[in-house]
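Rule-based calculations on the coordinates, nothing more; no lab input. Bear in mind that the values here come from a model prediction, so they are computed numbers and not experimental data. All Cβ positions, even for glycine, are placed from backbone atoms using ideal geometry, and neighbour counts span all protein chains on display.
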Amino acid sequence: MAVVLDGLYLNTPVVELYPSDFVIVDGRAKLIYDRFPEIYGLPGFVEFYAPWCPHCVDFVPDYLNLAEIAYGSAGIDPLFSVTAFNCTHPDCAPFLEAIGVSHFPTFFGIGADGFLLEYKGTKKQKSFLGFLCNSNGICDLV
C-alpha cells in the first residue's frame, strides 16, 4: 500500500491539487475546477512536489509569498492562482509521466483556459510574474 505524505501546503492559501483535478485533452493536461470554482479562469502556476524533497521544502516560503501576491490578505478577487500537486499520491504516477514530470519541484503555468503551459523560468518571484505577463497579459505586477 502506497503512503501519501502530508502536503506541504495544507492549511495555506495554496490550493492543493489531486490527480482527479485534471483531464488529458489531445495529449495536454487541463485543470478542471469542480473543487475550487474561486480560481476558475485564472491563469497561474502549479508546483509538482514531493514532501520529502529538500528543494521543495526550502521553496515553501517563497511559494507562500507568491500566493500572498495572488490572493492578497483577504483572499478576495484573486489576481492569479497558486496551486500545488503532492506527487506522493498513489495514483499520480501515470499522470506525471504523461505530462513529463521527472524531478521535483517542477513548475507549470496554468493558462486562463485551464491547460498547463511549459514554464522554463527560475524559482524567483520576478520570473513567475514575468511569465504571467508574457503568457497571459497580467503585467501590472511586474
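Close amide-amide hydrogen proximity is noted between Phe115 and Leu31, each under 5 Å apart and 5 or more residues distant or on a separate chain (H modeled in the peptide plane; Pro and chain starts excluded). Between Ile32 and His103, the simple spin-label model (points 7 angstrom out along Cα→Cβ) gives 3.3 nm. Antiparallel beta bridges, as assigned by DSSP with both residues in the stretch 4-142, represent about 60 percent of the total such bridges.
Quarter the surface of the alpha carbon convex hull of the stretch 13-102 and you get the mean projected area, 6.1 square nanometres. For the pair His55 and Lys124 in one chain, pulling the backbone fully straight at 0.36 nm per residue adds 23.5 nm over the alpha carbon distance. When only Cα pairs below 8 angstrom with a gap of at least 6 residues are kept, the stretch 15-136 shows a relative contact order of 35 percent.
Order of 85-98, 30-43 by packing, highest average Cβ count within 10 Å first?
85-98, 30-43
May I ask for the distance between the Cα centers of the stretch 96-142 and the stretch 1-53, given as a whole number of Å? Here the answer is 14 Å between Cα centres.
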